[in-house]
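Written below as structure tokens is the structure these notes are about.
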């Protein structure tokens, strides 16, 4: 059997909001200061997703771009969305960056940096 490589470029699910203290360290360096914007992704469960990757979030009719600066075990959790069932958590976004009311919103997330790396490898 030939092993397959699983590359995830796009996640369709939800973005959840999390709170962090300014003294909390971010996995990719720095701390949770409210003066900068970033997202947290599960870089341990998503092969080829890395600190500093640019991700594009399409949510509520608007596209937003952030860098991955934090990480957590998001792939272990799902949100039971009315009418859609269990949806994976694609990203966590710090509360000071959140654009949505409540704790989560549906979203499509694409890793633009990973797409660029794949395209450059093809050339």
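The values are calculated or read from the model by the stated rules, or taken from the named source; none is laboratory data. Predicted, not measured: the structure shown is a model, and the values here were computed from it. All Cβ positions, glycine included, derive from the backbone under ideal geometry; neighbour counts span all protein chains shown.
Screening the range 23-106 for strands (runs of 3 or more DSSP E) wholly inside it with 1 or more residues that are free of Cβ contacts under 8 Å to residues at least 40 places away in the same chain and at positive phi returns the ranges 85-94. Against the test of being buried (at least 20 other Cβ atoms within 10 Å of the Cβ) and under 13 Å from the mean Cα position of the chain (by Cα), the options 16, 65 yield a single qualifying residue, 16.
Here the condition is being within 29 Å of residue 84 (Cα to Cα) and either at pLDDT 95 or above or within 13 Å of the chain's Cα centre (by Cα) (or both); of 46, 26, it holds for 46 alone.
Within the range 87-100, not a single residue is at pLDDT below 95, closer than 30 Å to residue 119 by Cα and more than 14 Å from the chain's Cα centre (by Cα). If only residues of the range 1-19 that are part of a loop (DSSP other than H, G, I, E, B) and out of contact with any helix residue (DSSP H, G or I) (no Cβ under 8 Å at 6 or more places or on another chain) are counted, the one that is nearest to residue 107 (Cα to Cα) is 8.
Considering only residues in the range 114-123 that are surrounded by fewer than 18 Cβ atoms within 10 Å (Cβ to Cβ) and touching a residue at least 60 places away in the same chain (Cβ under 8 Å), the one that is farthest from residue 26 (Cα to Cα) turns out to be 118.
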